[in-house]
Amino acid sequence: MTTSAGAFGEDLTRASQTSDSWGRYYTSPIVSRSLIDSIEASKPKLVLELGSGSGSLCTAAATRWQDAKLVTVDVDHQAFKRLSTRNVGLKHRHSHFVHDVLDEALSDKIGLTLGTVDVAVCNPPYIRPRWRSDFGKILEAAGLSGTLTSVHDAGADLLFLAQNLRLLRQNGKLGLILPDGLVTAEKFGRVRRALLRQHLIEQVVQLPRGVFKGTEAQTYLAVLSKAAGETNQVVLRQMVQDGQLSAAIQVPQDAAEKRLDYTFHVRKLPQAASDGHRRMTVREALTDVVRGTVCSSAIADAGRPVFHLGDFAHRSEEQAVRIVPKRFALSDRAARLADARLALPGDILLARVGRDLEDRLALVVYGPCVISDCVFALRAKDEHRERLYRFLESDPGRHALASTAHGVAARFLSKTNLFEIQF
(Lines give C-alpha, C1' and ligand atoms only; values in the text may rest on other atoms or scores of the structure.)
Protein backbone atom coordinates (compact mmCIF):
# COMPACT_ATOMS: atom_id res chain seq x y z
CA MET A 1 0.00 0.00 0.00
CA THR A 2 1.25 3.51 -0.69
CA THR A 3 -0.15 6.75 0.68
CA SER A 4 0.82 10.25 -0.35
CA ALA A 5 0.94 12.51 2.69
CA GLY A 6 2.54 15.66 1.44
CA ALA A 7 5.78 16.74 -0.19
CA PHE A 8 9.34 17.02 0.99
CA GLY A 9 10.09 20.73 1.12
CA GLU A 10 12.53 22.37 -1.24
CA ASP A 11 14.79 22.67 1.81
CA LEU A 12 17.27 20.00 0.79
CA THR A 13 20.22 20.70 -1.42
CA ARG A 14 22.46 18.20 -3.16
CA ALA A 15 25.43 17.17 -1.01
CA SER A 16 27.39 15.37 -3.70
CA GLN A 17 27.52 14.99 -7.45
CA THR A 18 27.83 11.22 -7.02
CA SER A 19 24.71 10.71 -4.90
CA ASP A 20 21.19 10.69 -6.30
CA SER A 21 19.08 13.86 -6.38
CA TRP A 22 18.13 13.38 -2.72
CA GLY A 23 21.73 12.95 -1.51
CA ARG A 24 21.38 9.18 -1.07
CA TYR A 25 23.95 6.44 -1.54
CA TYR A 26 22.10 3.15 -1.82
CA THR A 27 22.85 0.37 0.64
CA SER A 28 24.44 -2.79 -0.78
CA PRO A 29 22.90 -6.18 0.11
CA ILE A 30 25.95 -7.21 2.14
CA VAL A 31 25.76 -4.07 4.29
CA SER A 32 21.99 -4.36 4.63
CA ARG A 33 22.20 -7.96 5.81
CA SER A 34 25.02 -7.15 8.21
CA LEU A 35 23.05 -4.31 9.80
CA ILE A 36 19.83 -6.32 10.11
CA ASP A 37 21.68 -9.36 11.49
CA SER A 38 23.37 -7.22 14.15
CA ILE A 39 20.04 -6.13 15.65
CA GLU A 40 19.03 -8.38 18.54
CA ALA A 41 15.25 -8.43 18.17
CA SER A 42 13.52 -11.79 17.93
CA LYS A 43 9.88 -11.04 17.02
CA PRO A 44 9.27 -7.33 16.41
CA LYS A 45 5.69 -6.43 15.50
CA LEU A 46 6.48 -3.13 13.77
CA VAL A 47 9.57 -2.31 11.70
CA LEU A 48 10.09 1.20 10.32
CA GLU A 49 12.45 2.56 7.67
CA LEU A 50 12.65 6.32 7.14
CA GLY A 51 14.16 7.29 3.80
CA SER A 52 13.65 3.84 2.26
CA GLY A 53 15.32 4.68 -1.07
CA SER A 54 15.89 1.48 -3.07
CA GLY A 55 14.51 -0.67 -0.25
CA SER A 56 17.61 -2.72 0.50
CA LEU A 57 17.25 -2.41 4.29
CA CYS A 58 13.50 -3.00 4.18
CA THR A 59 14.01 -6.12 2.07
CA ALA A 60 16.58 -7.54 4.49
CA ALA A 61 14.28 -6.76 7.42
CA ALA A 62 11.30 -8.41 5.71
CA THR A 63 13.33 -11.55 5.08
CA ARG A 64 14.43 -11.83 8.70
CA TRP A 65 11.24 -10.81 10.51
CA GLN A 66 8.56 -12.49 8.43
CA ASP A 67 5.68 -11.73 10.78
CA ALA A 68 6.45 -8.04 11.29
CA LYS A 69 4.44 -5.17 9.87
CA LEU A 70 6.70 -3.00 7.68
CA VAL A 71 6.30 0.76 7.33
CA THR A 72 8.49 2.76 4.95
CA VAL A 73 8.58 6.51 4.30
CA ASP A 74 10.35 8.39 1.52
CA VAL A 75 9.91 11.76 -0.19
CA ASP A 76 10.74 10.23 -3.58
CA HIS A 77 7.62 9.10 -5.46
CA GLN A 78 9.74 6.50 -7.28
CA ALA A 79 10.75 4.77 -4.04
CA PHE A 80 7.53 2.75 -3.83
CA LYS A 81 8.12 1.30 -7.31
CA ARG A 82 11.56 0.09 -6.23
CA LEU A 83 10.11 -1.36 -3.02
CA SER A 84 7.31 -3.11 -4.89
CA THR A 85 9.80 -4.71 -7.28
CA ARG A 86 11.96 -5.96 -4.39
CA ASN A 87 9.16 -7.00 -2.05
CA VAL A 88 6.73 -8.91 -4.25
CA GLY A 89 4.18 -10.67 -2.07
CA LEU A 90 4.58 -8.43 0.98
CA LYS A 91 1.68 -6.07 0.29
CA HIS A 92 -0.41 -7.50 3.11
CA ARG A 93 2.14 -6.36 5.72
CA HIS A 94 3.85 -3.40 4.05
CA SER A 95 2.66 0.23 4.12
CA HIS A 96 4.54 2.95 2.27
CA PHE A 97 4.11 6.72 2.63
CA VAL A 98 5.40 9.48 0.38
CA HIS A 99 6.17 12.26 2.81
CA ASP A 100 8.84 14.52 4.30
CA VAL A 101 10.65 12.32 6.81
CA LEU A 102 11.69 15.40 8.81
CA ASP A 103 8.15 16.66 9.39
CA GLU A 104 7.72 17.15 13.14
CA ALA A 105 4.15 15.84 12.77
CA LEU A 106 5.25 12.75 10.80
CA SER A 107 3.71 10.27 13.25
CA ASP A 108 0.24 11.73 12.68
CA LYS A 109 0.69 11.81 8.91
CA ILE A 110 1.62 8.10 8.70
CA GLY A 111 -0.71 6.85 11.42
CA LEU A 112 1.88 5.83 14.00
CA THR A 113 1.88 6.80 17.65
CA LEU A 114 5.16 8.17 18.97
CA GLY A 115 7.05 5.60 21.00
CA THR A 116 5.48 2.49 19.44
CA VAL A 117 8.02 1.22 16.86
CA ASP A 118 9.86 -1.98 17.81
CA VAL A 119 12.72 -1.77 15.29
CA ALA A 120 13.84 1.15 13.11
CA VAL A 121 16.44 0.88 10.36
CA CYS A 122 17.83 3.81 8.42
CA ASN A 123 20.46 4.94 5.91
CA PRO A 124 20.16 8.76 6.07
CA PRO A 125 21.02 10.86 3.00
CA TYR A 126 24.33 12.75 2.80
CA ILE A 127 22.74 16.15 2.74
CA ARG A 128 22.40 19.24 4.91
CA PRO A 129 18.88 20.70 5.00
CA ARG A 130 18.16 24.37 5.49
CA TRP A 131 17.24 24.86 9.14
CA ARG A 132 13.58 25.12 10.04
CA SER A 133 11.70 25.16 13.33
CA ASP A 134 10.58 21.52 12.97
CA PHE A 135 14.19 20.41 13.36
CA GLY A 136 14.58 22.05 16.76
CA LYS A 137 11.42 20.31 17.99
CA ILE A 138 12.62 16.94 16.69
CA LEU A 139 16.03 17.31 18.37
CA GLU A 140 14.47 18.45 21.63
CA ALA A 141 12.00 15.56 21.71
CA ALA A 142 14.88 13.15 21.13
CA GLY A 143 16.92 14.64 23.98
CA LEU A 144 19.53 16.10 21.63
CA SER A 145 18.79 19.83 21.89
CA GLY A 146 21.79 21.79 23.06
CA THR A 147 24.29 19.26 21.69
CA LEU A 148 25.24 21.41 18.70
CA THR A 149 27.35 24.55 18.75
CA SER A 150 25.50 25.78 15.65
CA VAL A 151 22.24 24.73 14.01
CA HIS A 152 24.20 24.68 10.76
CA ASP A 153 25.87 21.48 12.02
CA ALA A 154 22.55 19.61 11.92
CA GLY A 155 22.80 17.33 8.90
CA ALA A 156 20.16 14.88 7.74
CA ASP A 157 22.06 12.08 9.51
CA LEU A 158 21.51 13.61 12.96
CA LEU A 159 17.95 14.68 12.20
CA PHE A 160 16.97 11.23 10.87
CA LEU A 161 18.52 9.68 13.99
CA ALA A 162 16.48 11.98 16.23
CA GLN A 163 13.25 11.34 14.32
CA ASN A 164 13.77 7.59 14.67
CA LEU A 165 14.32 7.95 18.42
CA ARG A 166 11.00 9.79 18.76
CA LEU A 167 9.13 6.96 17.03
CA LEU A 168 10.84 4.05 18.83
CA ARG A 169 9.37 2.54 22.00
CA GLN A 170 11.51 2.20 25.12
CA ASN A 171 14.03 -0.62 24.58
CA GLY A 172 13.22 -0.49 20.87
CA LYS A 173 16.16 -1.11 18.53
CA LEU A 174 17.65 1.39 16.09
CA GLY A 175 20.05 0.21 13.43
CA LEU A 176 21.45 2.88 11.16
CA ILE A 177 24.31 3.81 8.88
CA LEU A 178 26.30 6.82 10.06
CA PRO A 179 28.81 9.06 8.28
CA ASP A 180 32.25 9.83 9.66
CA GLY A 181 31.30 13.16 11.23
CA LEU A 182 28.89 11.92 13.88
CA VAL A 183 31.31 9.13 14.81
CA THR A 184 34.64 10.97 14.92
CA ALA A 185 34.37 14.77 14.56
CA GLU A 186 35.12 16.87 17.64
CA LYS A 187 32.13 19.15 17.02
CA PHE A 188 29.77 16.20 17.56
CA GLY A 189 31.33 15.17 20.87
CA ARG A 190 28.32 16.41 22.83
CA VAL A 191 25.98 14.45 20.55
CA ARG A 192 27.92 11.26 21.28
CA ARG A 193 27.91 12.08 25.00
CA ALA A 194 24.12 12.51 25.00
CA LEU A 195 23.54 9.27 23.10
CA LEU A 196 25.88 7.31 25.36
CA ARG A 197 24.25 8.61 28.51
CA GLN A 198 20.63 8.31 27.40
CA HIS A 199 20.70 5.05 25.42
CA LEU A 200 22.50 1.72 25.26
CA ILE A 201 24.78 1.84 22.22
CA GLU A 202 25.35 -1.86 21.60
CA GLN A 203 27.94 -1.73 18.84
CA VAL A 204 29.51 0.36 16.08
CA VAL A 205 31.01 -1.33 13.02
CA GLN A 206 33.47 0.57 10.82
CA LEU A 207 32.78 -0.22 7.16
CA PRO A 208 35.42 -0.37 4.41
CA ARG A 209 35.81 2.76 2.31
CA GLY A 210 34.10 2.50 -1.04
CA VAL A 211 31.34 0.21 0.23
CA PHE A 212 28.82 2.70 -1.18
CA LYS A 213 29.11 3.12 -4.93
CA GLY A 214 30.16 6.62 -5.95
CA THR A 215 31.85 7.71 -2.72
CA GLU A 216 34.95 6.94 -0.67
CA ALA A 217 33.25 8.30 2.44
CA GLN A 218 33.98 6.49 5.70
CA THR A 219 30.76 5.02 7.09
CA TYR A 220 29.65 2.93 10.07
CA LEU A 221 26.86 0.64 11.21
CA ALA A 222 25.50 1.49 14.64
CA VAL A 223 22.94 -0.31 16.79
CA LEU A 224 21.37 1.08 19.96
CA SER A 225 18.53 0.30 22.34
CA LYS A 226 16.42 3.34 23.16
CA ALA A 227 16.47 4.38 26.83
CA ALA A 228 17.73 0.92 27.83
CA GLY A 229 20.26 2.31 30.28
CA GLU A 230 23.48 4.27 30.11
CA THR A 231 26.27 2.92 27.90
CA ASN A 232 29.30 1.98 30.01
CA GLN A 233 31.19 0.05 27.31
CA VAL A 234 30.76 0.18 23.53
CA VAL A 235 31.61 -2.79 21.32
CA LEU A 236 33.57 -1.71 18.22
CA ARG A 237 34.33 -3.85 15.18
CA GLN A 238 35.65 -3.41 11.66
CA MET A 239 34.26 -4.95 8.49
CA VAL A 240 36.62 -5.96 5.67
CA GLN A 241 35.73 -6.00 1.98
CA ASP A 242 34.27 -9.54 1.99
CA GLY A 243 31.89 -8.68 4.81
CA GLN A 244 33.76 -10.46 7.58
CA LEU A 245 33.98 -8.71 10.95
CA SER A 246 37.06 -8.26 13.11
CA ALA A 247 37.24 -9.40 16.70
CA ALA A 248 35.44 -6.95 18.98
CA ILE A 249 37.12 -4.43 21.22
CA GLN A 250 35.36 -2.65 24.08
CA VAL A 251 35.73 1.07 24.67
CA PRO A 252 34.65 2.83 27.89
CA GLN A 253 32.18 5.70 27.78
CA ASP A 254 34.70 8.52 28.25
CA ALA A 255 36.81 7.28 25.33
CA ALA A 256 33.72 6.65 23.20
CA GLU A 257 32.67 10.28 23.67
CA LYS A 258 35.85 11.33 21.88
CA ARG A 259 35.46 8.92 18.95
CA LEU A 260 33.68 5.71 18.04
CA ASP A 261 35.80 4.36 15.18
CA TYR A 262 37.50 0.97 15.53
CA THR A 263 40.77 1.87 13.79
CA PHE A 264 41.39 4.78 16.14
CA HIS A 265 40.87 2.81 19.34
CA VAL A 266 42.53 -0.45 18.31
CA ARG A 267 45.83 1.41 17.94
CA LYS A 268 45.60 2.51 21.57
CA LEU A 269 45.36 -0.97 23.05
CA PRO A 270 48.25 -1.66 25.46
CA GLN A 271 51.27 -3.12 23.69
CA ALA A 272 55.02 -2.67 23.67
CA ALA A 273 56.63 -0.42 21.09
CA SER A 274 58.48 -2.37 18.39
CA ASP A 275 61.80 -0.68 19.16
CA GLY A 276 61.73 -1.57 22.85
CA HIS A 277 60.90 1.97 24.03
CA ARG A 278 57.81 2.63 26.08
CA ARG A 279 54.83 3.78 24.06
CA MET A 280 54.11 7.48 24.22
CA THR A 281 51.71 9.95 22.64
CA VAL A 282 52.68 12.50 20.02
CA ARG A 283 51.78 15.18 22.57
CA GLU A 284 54.45 13.88 24.96
CA ALA A 285 57.10 14.02 22.25
CA LEU A 286 56.50 17.66 21.29
CA THR A 287 57.22 21.09 22.68
CA ASP A 288 54.94 22.84 20.20
CA VAL A 289 52.85 22.48 17.05
CA VAL A 290 52.78 25.35 14.55
CA ARG A 291 50.12 25.68 11.88
CA GLY A 292 50.91 27.90 8.92
CA THR A 293 48.90 31.03 8.25
CA VAL A 294 49.37 31.62 4.50
CA CYS A 295 46.29 30.40 2.61
CA SER A 296 46.75 28.66 -0.72
CA SER A 297 45.23 31.55 -2.68
CA ALA A 298 47.83 33.96 -1.25
CA ILE A 299 50.93 31.86 -2.00
CA ALA A 300 51.48 33.23 -5.51
CA ASP A 301 51.58 36.82 -4.21
CA ALA A 302 53.56 36.10 -1.05
CA GLY A 303 56.88 37.30 -2.42
CA ARG A 304 58.66 34.45 -0.62
CA PRO A 305 58.64 30.67 -1.16
CA VAL A 306 55.85 29.07 0.88
CA PHE A 307 55.97 25.35 1.57
CA HIS A 308 52.59 23.89 0.60
CA LEU A 309 50.99 20.48 0.01
CA GLY A 310 52.44 19.99 -3.47
CA ASP A 311 55.98 20.55 -2.18
CA PHE A 312 56.17 17.35 -0.13
CA ALA A 313 58.45 14.80 -1.81
CA HIS A 314 57.13 11.31 -2.53
CA ARG A 315 58.27 8.40 -0.40
CA SER A 316 61.37 6.74 -1.79
CA GLU A 317 63.50 3.80 -0.67
CA GLU A 318 66.58 5.72 -1.83
CA GLN A 319 65.76 8.73 0.36
CA ALA A 320 65.90 7.82 4.05
CA VAL A 321 64.63 11.24 5.12
CA ARG A 322 62.49 13.59 3.06
CA ILE A 323 63.93 17.09 3.45
CA VAL A 324 62.40 20.47 2.70
CA PRO A 325 64.37 21.83 -0.30
CA LYS A 326 66.89 24.65 0.29
CA ARG A 327 64.92 27.03 -1.89
CA PHE A 328 62.31 27.40 0.90
CA ALA A 329 64.88 28.50 3.50
CA LEU A 330 64.79 32.18 4.46
CA SER A 331 68.31 33.57 4.33
CA ASP A 332 67.39 36.59 6.41
CA ARG A 333 64.99 36.25 9.34
CA ALA A 334 64.11 39.93 8.90
CA ALA A 335 62.74 39.09 5.48
CA ARG A 336 60.02 36.88 6.87
CA LEU A 337 56.45 37.53 5.79
CA ALA A 338 54.26 39.64 8.03
CA ASP A 339 52.08 37.42 10.24
CA ALA A 340 53.50 34.26 8.63
CA ARG A 341 54.23 31.28 10.87
CA LEU A 342 57.67 29.75 10.40
CA ALA A 343 58.87 26.18 10.59
CA LEU A 344 62.35 25.95 12.16
CA PRO A 345 65.24 23.56 11.53
CA GLY A 346 64.43 20.26 13.20
CA ASP A 347 60.66 20.63 12.72
CA ILE A 348 58.74 17.73 11.19
CA LEU A 349 56.21 18.90 8.62
CA LEU A 350 52.90 17.12 8.11
CA ALA A 351 49.99 17.81 5.80
CA ARG A 352 46.93 18.92 7.80
CA VAL A 353 44.42 18.34 4.99
CA GLY A 354 44.15 16.25 1.86
CA ARG A 355 42.98 12.87 0.61
CA ASP A 356 46.47 11.37 1.05
CA LEU A 357 47.70 13.50 3.96
CA GLU A 358 49.35 10.47 5.60
CA ASP A 359 51.85 10.32 2.72
CA ARG A 360 53.08 13.91 3.12
CA LEU A 361 56.03 14.21 5.48
CA ALA A 362 59.22 16.30 5.51
CA LEU A 363 62.00 17.45 7.84
CA VAL A 364 63.22 21.05 7.97
CA VAL A 365 67.02 21.17 7.76
CA TYR A 366 67.95 24.40 5.98
CA GLY A 367 66.93 27.46 7.96
CA PRO A 368 63.42 28.66 8.83
CA CYS A 369 60.76 28.43 6.14
CA VAL A 370 57.25 29.79 5.67
CA ILE A 371 54.49 27.15 5.69
CA SER A 372 50.94 27.33 4.38
CA ASP A 373 47.85 26.91 6.54
CA CYS A 374 47.54 23.35 5.21
CA VAL A 375 50.73 22.29 6.98
CA PHE A 376 51.60 21.44 10.59
CA ALA A 377 55.14 21.87 11.91
CA LEU A 378 55.80 19.44 14.76
CA ARG A 379 58.46 20.80 17.12
CA ALA A 380 59.77 17.65 18.77
CA LYS A 381 62.01 17.31 21.80
CA ASP A 382 65.57 16.46 20.74
CA GLU A 383 65.49 13.01 22.30
CA HIS A 384 62.27 12.03 20.50
CA ARG A 385 62.65 13.71 17.08
CA GLU A 386 64.24 10.84 15.15
CA ARG A 387 61.97 8.19 16.64
CA LEU A 388 58.87 10.26 15.87
CA TYR A 389 59.96 10.90 12.29
CA ARG A 390 60.70 7.20 11.71
CA PHE A 391 57.29 6.28 13.09
CA LEU A 392 55.42 8.76 10.89
CA GLU A 393 57.35 7.51 7.85
CA SER A 394 56.54 3.86 8.62
CA ASP A 395 53.47 1.93 7.51
CA PRO A 396 52.05 1.86 11.08
CA GLY A 397 52.57 5.61 11.33
CA ARG A 398 50.89 6.31 8.01
CA HIS A 399 48.00 4.07 9.04
CA ALA A 400 47.73 5.96 12.34
CA LEU A 401 47.49 9.29 10.52
CA ALA A 402 45.00 7.94 7.98
CA SER A 403 42.71 6.46 10.63
CA THR A 404 42.91 9.57 12.81
CA ALA A 405 42.01 11.99 10.01
CA HIS A 406 38.33 12.35 9.18
CA GLY A 407 36.15 13.86 6.51
CA VAL A 408 35.07 12.64 3.08
CA ALA A 409 36.79 14.25 0.08
CA ALA A 410 38.70 16.93 2.01
CA ARG A 411 40.02 14.81 4.89
CA PHE A 412 41.67 16.75 7.69
CA LEU A 413 43.76 16.11 10.76
CA SER A 414 42.94 18.00 13.94
CA LYS A 415 45.63 18.94 16.45
CA THR A 416 43.68 17.22 19.24
CA ASN A 417 43.52 13.89 17.42
CA LEU A 418 47.13 14.18 16.27
CA PHE A 419 48.23 14.57 19.89
CA GLU A 420 46.54 11.30 20.88
CA ILE A 421 48.40 9.10 18.38
CA GLN A 422 50.66 6.63 20.22
CA PHE A 423 54.00 5.35 18.97
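The values are calculated or read from the model by the stated rules, or taken from the named source; none is laboratory data. Everything numeric here is computed off the predicted structure, so don't read it as measured data. Heads up, the Cβs are rebuilt from the backbone with ideal geometry, glycines too, and the neighbour counts pull from every protein chain shown.
Out of the strands (runs of 3 or more DSSP E) lying entirely within segment 297-398, which hold 3 or more residues that are modelled with pLDDT of 95 or more, under 21 Å from PHE423 (Cα atoms) and not hydroxyl-bearing (Ser, Thr, Tyr)?
Counting at least 3 such residues, we get 348-351, 361-363, 375-380.
Kindly indicate whether GLY229 is among the small types (Gly, Ala, Ser) and farther than 23 Å from HIS399 by Cβ.
Yes: the conditions hold for GLY229.
Could we say that PHE97 is surrounded by 15 or more Cβ atoms within 10 Å (Cβ to Cβ), of a type in the set (Phe, Trp, Tyr) and either in a helix (DSSP H, G or I) or within 23 Å of the chain's Cα centre (by Cα) (or both) here?
Considered against the rule, which asks whether it is surrounded by 15 or more Cβ atoms within 10 Å (Cβ to Cβ), of a type in the set (Phe, Trp, Tyr) and either in a helix (DSSP H, G or I) or within 23 Å of the chain's Cα centre (by Cα) (or both), PHE97 comes out as no.
Looking only at residues that are among the aliphatic types (A, V, I, L, M) and part of a loop (DSSP other than H, G, I, E, B) in segment 116-154, which one is surrounded by the fewest Cβ atoms within 10 Å (Cβ to Cβ)?
LEU148
Hey, can you tell me all the residues within segment 180-237 that are polar (S, T, N, Q), closer than 19 Å to TYR126 by Cβ and assigned to a loop (DSSP other than H, G, I, E, B)?
Answer for segment 180-237, where residues must be polar (S, T, N, Q), closer than 19 Å to TYR126 by Cβ and assigned to a loop (DSSP other than H, G, I, E, B): THR215, GLN218.
Kindly indicate whether any position in segment 218-234 is in contact with a Phe, Trp or Tyr (Cβ under 9 Å, 6 or more places away or on another chain) and not polar (S, T, N, Q).
So far as segment 218-234 goes, yes, one or more of its residues are in contact with a Phe, Trp or Tyr (Cβ under 9 Å, 6 or more places away or on another chain) and not polar (S, T, N, Q).
For a quick check of your reading of the model, give me the residue pairs whose first member lies in segment 113-124 and is under 15 Å from LYS43 (Cα atoms) and touching a residue at least 40 places away in the same chain (Cβ under 8 Å), whose second is basic (Lys, Arg) and buried (at least 23 other Cβ atoms within 10 Å of the Cβ), with beta-carbon atoms closer than 8 Å and at least 6 apart or on different chains.
ASP118/LYS173; VAL119/LYS173; ALA120/LYS173
Kindly provide the set of residues from segment 212-230 that are over 21 Å from LEU167 (Cα atoms), β-branched (Val, Ile, Thr) and surrounded by 21 or more Cβ atoms within 10 Å (Cβ to Cβ), ordered by number.
THR219 - this is the single residue of segment 212-230 that is over 21 Å from LEU167 (Cα atoms), β-branched (Val, Ile, Thr) and surrounded by 21 or more Cβ atoms within 10 Å (Cβ to Cβ).
Please determine, by comparing only the residues of segment 155-179 that are polar (S, T, N, Q) and in a helix (DSSP H, G or I), which one is nearest to THR231 (Cα to Cα).
So, considering only residues that are polar (S, T, N, Q) and in a helix (DSSP H, G or I), the one nearest to THR231 (Cα to Cα) is ASN164.
Of the residues GLN206, GLN198, GLN233, which single one is crowded, with 21+ Cβ neighbours inside 10 Å, of a type outside the set (A, V, I, L, M), in contact (Cβ under 8 Å) with a residue 12 or more places away in the chain and in the same structural domain as VAL183 (by TED's automatic domain parsing)?
Going through GLN206, GLN198, GLN233 in turn, just one is crowded, with 21+ Cβ neighbours inside 10 Å, of a type outside the set (A, V, I, L, M), in contact (Cβ under 8 Å) with a residue 12 or more places away in the chain and in the same structural domain as VAL183 (by TED's automatic domain parsing): GLN206.
When you go through (1) in a helix (DSSP H, G or I); (2) among the charged types (D, E, K, R); (3) modelled with pLDDT under 95 one by one for ASP108, which number turns out not to apply?
Tallying (1) in a helix (DSSP H, G or I); (2) among the charged types (D, E, K, R); (3) modelled with pLDDT under 95, ASP108 fails exactly one: (3).
It is to be established whether one or more residues within segment 51-74 are outside any helix (DSSP H, G or I), among the hydroxyl-bearing types (Ser, Thr, Tyr), over 25 Å from PRO208 (Cβ atoms) and at pLDDT 65 or above.
Scanning segment 51-74 turns up at least one residue that is outside any helix (DSSP H, G or I), among the hydroxyl-bearing types (Ser, Thr, Tyr), over 25 Å from PRO208 (Cβ atoms) and at pLDDT 65 or above.
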